[in-house]
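Student: The structure's right below; bear with me while I get my questions together.
The values are calculated or read from the model by the stated rules, or taken from the named source; none is laboratory data. Everything quoted here is computed from the prediction, not taken from an experiment. In this analysis, Cβ positions are derived from the backbone assuming ideal geometry, glycine residues included, and neighbour counts consider all displayed protein chains. Surface areas here come from the heavy atoms of the whole protein model, side chains and all, with no ligands, DNA or RNA. Shrake-Rupley method; radii C 1.70, N 1.55, O 1.52, S 1.80 Å.
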Amino acid sequence: MKNITLGQYIPLDSFFHRLDPRSKICAMVAMMIAVFIPAGFIGYALIGAILIMCVFISRLQVDFIIKAMKPMIFMMIFLFVVNIFVVKSGTLLVSFWIFNIYSGAIIETLYIVIRLLLMIMITTLLTATTKPMDLTLGLEHLMGPLEKIKVPTHDIAMMVALALRFIPTLIEEADRILKAQASRGVDLENGTLREKINAILSLIVPMFVSCFQRADDLADAMEARGYAVGAPRVRYKKLAFTAGDYIVIIGANLVLLAVIAIKIWVIK
Amino acid sequence: MSICFEKLSHEYSPGTPFAFLALKDINLTFAEGKMTAIIGATGSGKTTLVQHLNGLLLPTEGRVTVNDHVIEAGKKYPKIKDLRKGVGLVFQFAENQLFEETIIKDVSFGPKNFGATEEEARERAVRSLKIVGITEDMFEKSPLELSGGQKRRVAIAGILAMRPRILVLDEPTAGLDPQGAANMMELFKRINKENGITVLIVTHNMEHVLDYCDEVVVLGKGRLLMQTDISTFFENEEYMKKAGIDPPSIVRFKRFLKEKGLELPADVLSIEELAAEIAGRYRR
Ligand SMILES: Nc1ncnc2c1ncn2[C@@H]1O[C@H](COP(=O)(O)OP(=O)(O)OP(=O)(O)O)[C@@H](O)[C@H]1O
Ligand SMILES: [Mg+2]
């Protein structure tokens, strides 16, 4: 459970870490749109090159990014197998038994795989360089205009922030209960179905109990410090754009424009 | 029946940005049948150390030997269930592990996992619950209805019912009332003396160490600082300072007497002995 790197914040000091969360979110959206524009390998090469540069600027270890991509390998193999059966365009490359592999299948699969990898890189860049709390704060600001149509943006942001805040705590708790039950002979791998169900219950029940308890305690603690639902709040942390933020937003949108241009003029 | 750590190191999340070396080069032997206190500041690695005893954590370097089980770094140990049967580990805040509908069922859970029959498990559960002071009228209640202290007792009964040869307790008395904590320590001492069970106890309470334990192991920043018997430890001011520990009141009182010119033997470490010793001197 400790090996989940997707979505984990890495405390370092870099240009990206210091950026305003709002600009990072905007830049991410622009890059995501760019990934979805079918601009062929040239477009992906451009996006990929920019992202690799960003990884170096963010001082993240390349290992870390690769690890975040690992859970996707399974999905890629699955896609590849499905595509081989389904896609019948392009020239026939290999043919044996009932399998006919067309060049279209290979290209199609490569497109999807590259797209997935680029998307993981983008989200990892965002979550690894932005504290979860800052991320929700940024989201809340960006959702601000929705307040006019009575969307409870603050409550949503608070809920997301609390959920994110408790992920590591719950992982830790699950780890502890797992160990405590393992000491009492719980074995999740071996045993009959009945024993396995009992083993899983011995983890889930204490987890639920502790979650409810925590939620209760947290609500009390928040109220004790004057938190009231719907009441106006002031901020301790003020978000402010710097020159870097403008550069990143403009840069991301330039990439998007470039990809659109490639789509229009290069790939017809 | 002995426990031996050899050149043991443990690193959490190795190879990631969160890597943390929690234990460094630990060499340590625990004699059979003794009651040993494991002490050290918060974060010194006590919990990490005891979790090696039943294979919850595996060493990243070196090895740990428990009876005839040898667990080496980097190797998965196949007989882990057998090991866990012999080593009962009570967790810090053990009350969070209760999950069955009734107390008695929860306590029978451990023995049943280790192959006891239904009746056998129940009989052991009844006995363990009585030992920890849970009365019969509570057996059919839900564990969730109990107070924190009672839950802790039930959790400890759940481990005792497994009949381990080695009992490891991670801060079993934290958060209990002083009387309840003292009763608990009496209980562990009795189990240790009457059944010859090796007891390792992680604690921050020096009075408990002084009153109940035979030996003390001090950890500091993941290293073994010392391992000595109780009277040597509490006699030596240097040791206590090195371990960053406030001496128990009786030791402080003896120091105070010494400053005023009344020196008492090192092995006088209980109130009764102290009173007798002082009374004896003034009678003379
Ligand atoms: N799962 C983990 N991942 C990374 N580091 C950890 C993990 N568990 C503990 N540590 C670190 O290892 C060190 C030792 O932790 P440990 O829990 O063994 O301390 P302890 O002596 O039991 O402290 P306490 O008296 O507070 O219970 C601490 O610095 C802690 O931050
Ligand atoms: Mg601990």
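Student: For residue B:32, all conditions in the list (1) open to solvent by less than 30 Å² (accessible area, probe 1.4 Å); (2) touching a residue at least 24 places away in the same chain (Cβ under 8 Å) hold save one; what is the number of the exception?
Tutor: Result: residue B:32 fails condition (1) only.
Student: Of all residues in the range A:53-69, how many are part of a helix (DSSP H, G or I), touching a residue at least 40 places away in the same chain (Cβ under 8 Å) and either not aliphatic (A, V, I, L, M) or not assigned by TED's automatic domain parsing to the domain that holds residue A:128 (or both)?
Tutor: Final tally of qualifying residues: 3.
Student: Can you tell me which residue is nearest to ligand 1 (Cβ to nearest atom) among those in the range B:222-256 that are surrounded by fewer than 14 Cβ atoms within 10 Å (Cβ to Cβ) and over 21 Å from residue B:185 (Cβ atoms)?
Tutor: Of everything passing the filter in the range B:222-256, B:244 is nearest to ligand 1 (Cβ to nearest atom).
Student: What number of residues within the range B:152-193 are in contact with a strand residue (DSSP E or B) (Cβ under 8 Å, 6 or more places away or on another chain) and within 16 Å of ligand 1 (Cβ to nearest atom)?
Tutor: Final tally of qualifying residues: 5.
Student: Something else: For the range B:153-171, give me each residue that is assigned to a helix (DSSP H, G or I) and out of contact with any Lys or Arg (no Cβ under 8 Å at 6 or more places or on another chain).
Tutor: B:153, B:154, B:155, B:156, B:157, B:160
Every residue, every condition in (1) open to solvent by 50 Å² or more (accessible area, probe 1.4 Å); (2) not in a helix (DSSP H, G or I), yes or no:
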| site | (1), (2) |
| --- | --- |
| A:159 | yes, no |
| A:181 | no, no |
| A:190 | yes, yes |
| A:194 | yes, no |
| A:207 | no, no |
| A:213 | yes, no |
| A:217 | yes, no |
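Student: Something else: Since residue B:16 meets every condition but one in (1) within 16 Å of ligand 2 (Cβ to nearest atom); (2) within 13 Å of another protein chain (Cβ to nearest Cβ); (3) open to solvent by less than 40 Å² (accessible area, probe 1.4 Å), which condition does it not meet?
Tutor: Going through the list (1) within 16 Å of ligand 2 (Cβ to nearest atom); (2) within 13 Å of another protein chain (Cβ to nearest Cβ); (3) open to solvent by less than 40 Å² (accessible area, probe 1.4 Å), residue B:16 breaks only (1).
Student: Among the strands (runs of 3 or more DSSP E) contained in the range B:50-136, which hold 1 or more residues that are within 22 Å of residue B:28 (Cα to Cα) and either open to solvent by 10 Å² or more (accessible area, probe 1.4 Å) or more than 9 Å from every other protein chain (Cβ to nearest Cβ) (or both)?
Tutor: Passing ranges, in order: B:61-66, B:69-72.
Student: Does the range B:19-29 hold any residues that are more than 21 Å from residue B:198 (Cβ to Cβ) and either open to solvent by 70 Å² or more (accessible area, probe 1.4 Å) or within 14 Å of chain A (Cβ to nearest Cβ) (or both), and which are they?
Tutor: B:19, B:20, B:21, B:22, B:25
Student: Looking at B:41, B:22 in this structure, which one is small (Gly, Ala, Ser), within 15 Å of ligand 1 (Cβ to nearest atom) and in a strand (DSSP E or B)?
Tutor: One residue alone meets the criteria, B:22.
Student: Taking into account only those residues within the range B:194-211 that are more than 16 Å from ligand 1 (Cβ to nearest atom) and over 11 Å from the mean Cα position of the chain (by Cα), which is nearest to the other protein chains (Cβ to nearest Cβ)?
Tutor: Per the stated criteria, the residue is B:197.
Student: Moving to a separate point now. Would you pick out the residues in the range B:1-13 that are crowded, with 22+ Cβ neighbours inside 10 Å and within 16 Å of ligand 2 (Cβ to nearest atom)?
Tutor: B:10
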